Amino acid sequence: MSTPIIEVRDVTKAFGGVVANRAVSLKVAEGSITGLIGPNGSGKTTLFNSIVGHHPIDSGSIRFAGQEISRLNVQKIARLGMLRTFQQTRVFSKMDCVRNLLISLPHRDSEWRDMFRPYPAELIERAHQLLEFVGLYSKRMLVAGSLSFGQQKLLEFAMALMNQPRVLLLDEPTAGINPTLINGLIDRLKHANADFGITLFVIEHNMRVIMNLASHIYCMSRGEVLAEGSPEQIQDDQRVVDAYLGTQ
């Protein structure tokens, strides 16, 4: 594995008496597309939440580009260049698509807080380019709430790209998307990785998607890392078959 941009070491997180993550260790190589699979309740989303600062871990270490981040909040981690998307979309339903992208940018000074001040032309152009990239340019002036669920996921993806992250964590990006749109989404994720240089860490239940997308995959079960390897190694690992894929 090349230099890790995310390094999780012995991370444990419990909610009351329920241990969601138990001594989890994994690495995400810079520039890679890394997958995370496992049955429902295996602790995948909890791990994502810990990595991006949504809740503090109980023990262990999380490093991003060599910096310890386990005690930083979401905003500070985002400013370092790591963002995530969610299973359920978080768009501004009453705003048009272009405005969604513009308002997703962090407010760095008082000028940005003036919502009536026009946005710089270069930012509007970047928003248009990203909407074209995800296939939503023709819908750029529609309010987000009028889009299908799958289109809202594409919009949320564009909103994340608008912030030019170094790393993007995607939680089930194909869930709820019309099967006819999935191949296009896979292609856009690969292009974001290759053309924009964004490292992707992806939770996904669609095995066809993750096997086609990721070069390295971790499988979690009952809050622990059960196995890791290439897509071929994961498919052939009997522990993964027993815990997640089902026996033949």
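Read the figures in this text as sums done on the coordinates, not as results from a lab. Since the structure is predicted, the reported quantities are computational estimates derived from the model, not experimental observations. Here the Cβ positions follow ideal geometry from the backbone for every residue, glycine too, while neighbour counts run over all protein chains shown.
Structure above, values below:
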| quantity | calculated |
| --- | --- |
| Selected from ARG99, ARG90, ARG208 as most flexible by GNM, with the chain as the system and alpha-carbon contacts under 10 Å | ARG208 |
| Prolate/oblate/rounded call for the range 88-164, Cα gyration tensor, a/c under 1.5 rounded | prolate |
| Gain in span if fully extended, LYS94 to VAL143, counting 0.36 nm per residue against the direct Cα distance | 17.1 nm |
| Farthest positive-ward along the chain dipole, Cα basis, beta-carbon charges - from GLN151, ILE33, VAL209 | GLN151 |
| The range 119-127 - phi-based ³J(HN,Hα) in whole Hz, Karplus 6.51/-1.76/1.60, Gly and Pro as x | 6, x, 4, 5, 6, 5, 5, 5, 4 |
| Magnitude of the charge dipole, the range 159-248, Cβ model with Lys/Arg +1 and Asp/Glu -1, debye to 20 | 240 debye |
| Straight-distance crosslink candidates among lysines, where the alpha carbon sits under 17 Å from LYS27 and sequence neighbours closer than 8 are dropped | LYS44 |
| Overall dimensions of the range 8-106 by Cα: Rg and Dmax, Å | 15.1, 44 |
| Charge dipole magnitude, Cβ of K and R +1, D and E -1 - the chain, Cα centre, debye nearest 20 | 640 debye |
| Candidates MET141, MET220, MET162, ranked by Gaussian network fluctuation over the chain, Cα under 10 Å, top entry | MET141 |
| Kirkwood Rh, Cα atoms: Rg over Rh of the range 121-248 | 1.03 |
| Spin-label pair GLU30/GLN75, simplified geometry with 7 Å Cα→Cβ offset, distance in nm | 2.8 nm |
| The range 128-165-the range 37-83 distance, computed between alpha-carbon centres (Å) | 25 Å |
| Sites ILE103 and ASP242 - FRET efficiency at Förster radius 45 Å, r taken between beta-carbons, to 0.05 | 0.45 |
